[in-house]
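S.K.: Following this message is one structure expressed as structure tokens.
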Amino acid sequence: MNIFNLLSQNLAHASRTRPPADNVPYPGGYRGRLEHAGELCIACGACVYACSPGAITIDEHQPLTALWQYTEDRCTFCGFCVQYCPTQALGFAPAAPEPLTERAQHYLSHTIALEPCRECGQPVRLIPESLLAQLYGGAMPEDIIAMRGLCERCRQRATGRRFMQAVEKM
Ligand code: SF4
Ligand code: SF4
């Protein structure tokens, strides 16, 4: 095809350049900007454990609060924190992170309210009722109700007591 034919063919077609507003859609499962739903977070630390570059931290902030923090500059977008979060508080938005000039947007932090354990008073985060309803439907199992509001250690003790009671009844 000679150059004149090519030019005339190109002129006959409309523009093939996409305007800025006509973005190419992100593919499904795209690992874009990390989002954290503070109201679903139970400050369990699974995301901190899963994150090898140390992009997520949880610190005790004040009595009965925990500070969840994310530093995007350290994030490799591997997705392990999203995969291991038990409450689905983490997810990826189908959007690219903001440009580097806007540094404030590279940090994300949420203060998670804790409550004293019903037995020992240690700070503990209750699993949100909305999440329990989603997991168990209308009626929550009795053992879940009995364990709610207990810290990990007190839950272990309560489980031990129940086990011993069951053994004694045999
Ligand atoms: S996506 Fe990976 S690197 Fe980024 S915060 Fe989550 S676990 Fe860490
Ligand atoms: S974001 Fe998920 S994994 Fe991380 S502390 Fe909160 S509940 Fe746990």
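The values are calculated or read from the model by the stated rules, or taken from the named source; none is laboratory data. Note that the coordinates shown come from a computational prediction; the quantities given were computed from them, not determined experimentally. Note that each Cβ is placed from the backbone with ideal geometry, even for glycine, and that neighbours are counted across all protein chains shown. Note: accessible area is taken over every heavy atom of the protein model, side chains too, but ligands, DNA and RNA are not part of it. Shrake-Rupley method; radii C 1.70, N 1.55, O 1.52, S 1.80 Å.
S.K.: Which trypsin sites (Lys or Arg not before Pro) in the range 47-130 pass both tests, a DSSP loop state and at most 16 other beta-carbon atoms within 10 Å?
M.R.: Taking the range 47-130 and a limit of 16 other Cβ atoms within 10 Å, the loop trypsin sites (Lys or Arg not before Pro) found are ARG118.
S.K.: Still on this model: For every helix of n ≥ 4 consecutive DSSP H residues, a contribution of -39,500 (n - 2.57) applies; sum these over the chain, divide by its total residues, and give [θ] at 222 nm rounded to the nearest 500 deg cm²/dmol.
M.R.: Computed mean residue ellipticity for the chain: -8500 deg cm²/dmol.
S.K.: Once R0 is set to 41 Å, what does the formula 1/(1 + (r/R0)^6) return for the Cβ-Cβ distance between TYR30 and ASP59, expressed as a FRET efficiency to the nearest 0.05?
M.R.: The value I calculate is 0.85.
S.K.: Additional query: Can you sort SER130, SER52 by solvent-accessible area, 1.4 Å probe, largest first?
M.R.: The ranking, largest first, comes out as SER52, SER130.
S.K.: In the range 29-113, carbon and sulfur make up what percent of the accessible area (probe 1.4 Å)?
M.R.: 54 percent
S.K.: Note down the nm distance, to one decimal, between modelled labels 7 Å out along Cα→Cβ at ALA146 and at ALA133.
M.R.: Here the modelled spin labels are 2.6 nm apart.
S.K.: For the pair ALA158/PHE80, report the inter-label distance in nm, with labels modelled 7 Å from Cα in the Cβ direction.
M.R.: 3.2 nm
S.K.: Mind giving me the FRET efficiency for LYS169 and VAL48? R0 is 35 Å, r the Cβ-Cβ distance, nearest 0.05 is fine.
M.R.: 0.30
S.K.: Accessible surface of MET140 in the full protein assembly, 1.4 angstrom probe, to the nearest 10 Å²?
M.R.: Probe radius 1.4 Å; accessible area of MET140 about 60 Å².
S.K.: For the full complex of protein chains and a 1.4 angstrom probe, list GLU60, GLU98, GLU115 by accessible area with the highest value first.
M.R.: Greatest to least solvent exposure: GLU60, GLU115, GLU98.
S.K.: Out of the range 108-170, which GluC sites (Glu not before Pro) are coil in DSSP terms and have no more than 16 other C-beta atoms within 10 Å?
M.R.: Answer in residue order: GLU119.
S.K.: Accessible surface of PHE92 in the full protein assembly, 1.4 angstrom probe, to the nearest 10 Å²?
M.R.: Its accessible surface works out to 50 Å², give or take rounding.
S.K.: Shifting gears a bit: Report the trypsin sites (Lys or Arg not before Pro) located in the range 1-35 that are in a DSSP loop and have at most 13 other Cβ atoms inside 10 Å of their Cβ, or state none.
M.R.: Those that pass, being in a loop and sparsely packed, are ARG16.
S.K.: In terms of the ratio Rg/(2.2 N^0.38 Å) built on C-alpha atoms, what value belongs to the range 116-170?
M.R.: Taking the Cα Rg and dividing by 2.2 N^0.38 Å, one obtains 1.28.
S.K.: For the range 132-170 and the range 5-49, what is the centre-to-centre distance using only Cα atoms, to the nearest Å?
M.R.: The range 132-170 and the range 5-49 have Cα centres separated by 44 Å.
S.K.: Comparing HIS13, HIS106, HIS61, which has the greatest mean-square fluctuation in the GNM of the chain with Cα pairs linked when under 10 Å apart?
M.R.: Taking springs between Cα atoms under 10 Å, the residue moving most is HIS13.
S.K.: Compute the distance in nm between two label points, each set 7 Å from the Cα along the Cα-to-Cβ direction, one at ASP73 and one at LEU7.
M.R.: Going by the 7 Å Cα→Cβ label model, 5.2 nm.
S.K.: Accessible area per residue of the chain at 1.4 Å probe, in Å²?
M.R.: So the chain comes to 71 Å² accessible per residue, rounded to a whole number.
S.K.: Counting pairs of alpha carbon atoms under 8 Å apart in space and at least six apart in sequence, what relative contact order in percent does the range 29-113 give?
M.R.: 43 percent
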